[in-house]
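Take a look at the structure set out below.
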Amino acid sequence: MAELAGIGQYKTVDPKFVRSAKAEADAMKTLGLTKEYIESRGGVNASGFYGDSWSSSKNLTPEEYDAVIKGALARGLTGAQVGGALNDATAAKESGGTVNVQTGQWSGGTRSTGGGGGGNVPSGSKTMTYTASDGRTFTDVNAYNAYQSNLEGKQAERKSAYDLLYQQFAQYGLQSLVTPLEGLIKEAVPSSEFTIRLRDTDAYKKRFAANAQRIAKGYRALSEADYIAQEDLYQDVMRKYGMPASYYQRGEMGRQESFEKLMANNIREDELADRLSLGYDQVINANPEVYQAIKDFNITNGDILAYVLDPEKAIGEIKRKVTMAEIGAGAIQAGLSTTAARAEELQRLGITKAAAREGFQNVAAVLPRASQLGDIYAKQGMGPFTQATAEAEAFGTQGATEAAQKRRKLSELETAQFSGQTGVGALGRERAGQF
């Protein structure tokens, strides 16, 4: 034991040296061996073997010995159970098995029976099993190592696929669509399915809602990049034409809901520009009277241009609104006024811009005198002669026949009273279909 005399001068002591000394002391105490005898056998190593009987191919090396102890403790074994694990590992190696110096687990060979050779000490491991990260168990350490390595490789592949998908959507500010998929990294889901899983989420379907409509109408779904690029093109066109920001404002996750119908119907940005141009040509750049009628009818530029965005009824609705405004402009040009309801009624009856201009001019020519005579001859039972009365005859609307009869009667009364000297002009003229 002379080697121990100088131990105090070292800061640390090799545990193998300590175990070797303890094994030697135990042999001397329990077996009654002399130090000389032990030395003649080559001493006792850290695994408790005499030097002349130890074999690296059959007995535990100090590294294996340490690994078995650490592995046993990691599995919750204590006391004699740790000794049992050492006995089992030793028996396994002696009979041709191997011990993993990283895990302390052994495979192959024949483990000791009866609990570590003493008969009253429970064995460290009757059946050694290895559990992979997905819960699958193995009894062969090599098979376990290969399987676990494969699992870790696939998990790394899924992590890489997730990171790539996250980066792609983050550039559009849509990373929140991807974060719910992070759990797939630890699941046995192939990385090739990540995009499929993403597109099946409710949040994704809401953000790219037009794609489902496109597919239903026979168009291909747009990629996320193409979808967002198309939104930007629509927005550029609307800004160019001075559309209010409400038409292209962004909602949750940058969604521009007003563009979805355009995209669903495969409307290109140049087609949208053509529709807006038509709206401007017919409405915003119209003559002052038309523009004034639009204001009087509380029809805003945006109201009319909004119809341009509806591919199914855009042109018809624009024409209807514009014709209403042109009818109102005809009244203004004649020094008269009218209402949106009356303009819409005349538009439905097929009154055009030219017909409205001519009709209101005739109404303006007849109305002052006819209205005056109507008041004068009110006692004759004919009732007043109003603008509505004159319009009925001028435009051939309901009551046109009665209006014409009333105008002729007033003309006759005026002629009879004043011997035809006055008032015959406009009231006396007959026209085919009008006045």
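Of note:
- Centroid-to-centroid, using Cα positions, the range 123-182 and the range 223-250 are 42 Å apart.
- Peptides 338-344, 187-193, 363-369, ordered by how many other C-beta atoms sit within 10 Å of their residues on average, highest first, read 363-369, 338-344, 187-193.
- Amide H to amide H, with H built 1.01 Å from N, residue 105 comes under 5 Å of 100, counting only residues 5 or more places away or on other chains.
- Cross-link pairs exceeding 32 Å between alpha carbons, from the set 217/321; 154/205; 240/261; 205/321: 205/321.
Read-outs: derived from the displayed coordinates by stated rules, not from any lab. Given the structure is predicted, the values throughout are model-derived calculations rather than measurements. FYI the Cβ positions are ideal-geometry reconstructions off the backbone, even for glycines, and counts take in every protein chain you see.
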